1. What lysines sit close enough to K62 to cross-link, taking a C-alpha to C-alpha distance under 20 Å and skipping anything fewer than 8 places away on the same chain?
2. Quick one: 3J(HN,Hα) in Hz for the range 65-80, Karplus 6.51/-1.76/1.60 with θ = phi - 60°, rounded, Gly and Pro as x.
3. Short version: ³J(HN,Hα) in whole Hz for each residue of the range 52-59, in order, from phi by Karplus 6.51 cos²θ - 1.76 cosθ + 1.60 (θ = phi - 60°), x for Gly and Pro, what are they?
4. Karplus couplings for the range 17-23 from phi (6.51 cos²θ - 1.76 cosθ + 1.60, θ = phi - 60°), rounded to Hz, Gly and Pro as x?
5. What are the radius of gyration and Dmax of the range 31-70, computed over its Cα atoms and given in Å?
Amino acid sequence: MRGAKELIYKNGFSEVELHAAGESSIHTLSVVVGILTEHGYVSVSRIKTSTLVTNEGQHLAKLMIRVAKTEAFEEIYEAF
C-alpha cells in the first residue's frame, strides 16, 4: 500500500495501473486498492482481468486495476 501511495505522490502521477497475477497476489492487490479507496486516496477508474499462460502451460488469473488520485490525495497523504 505504501508503495502505491509513494508512486503516485513522489512521481506526480495522477493515475497508476496496478497488476497482480496468481491468487495470493490478486487478493493482496484487491485489499490494497480497497484500503486506498476507503481512506479517500484514490478512486478506481478501470478494472480488467485476463489469463496468463506460463512456460509450463499453467494458467494464471491476472488482475489490473487503474486508480486515479482524488483531489484530497495530498492532504490525506500529508496527514498520515
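No lab work stands behind these numbers, since they all come straight from the coordinates. As the structure is a prediction and not an experimental result, all values here were calculated from the model.
1. The qualifying lysines are K48.
2. Along the range 65-80, the couplings run 10, 9, 10, 10, 5, 7, 4, 8, 3, 4, 4, 5, 4, 5, 5, 9 Hz.
3. Result, ordered by residue: 9, 10, 6, 4, 8, x, 7, 9 Hz.
4. These are the phi-based 3J(HN,Hα) values: 9, 9, 10, 8, 10, x, 4 Hz.
5. Over the range 31-70's Cα set, Rg and Dmax evaluate to 13.7, 41 Å.
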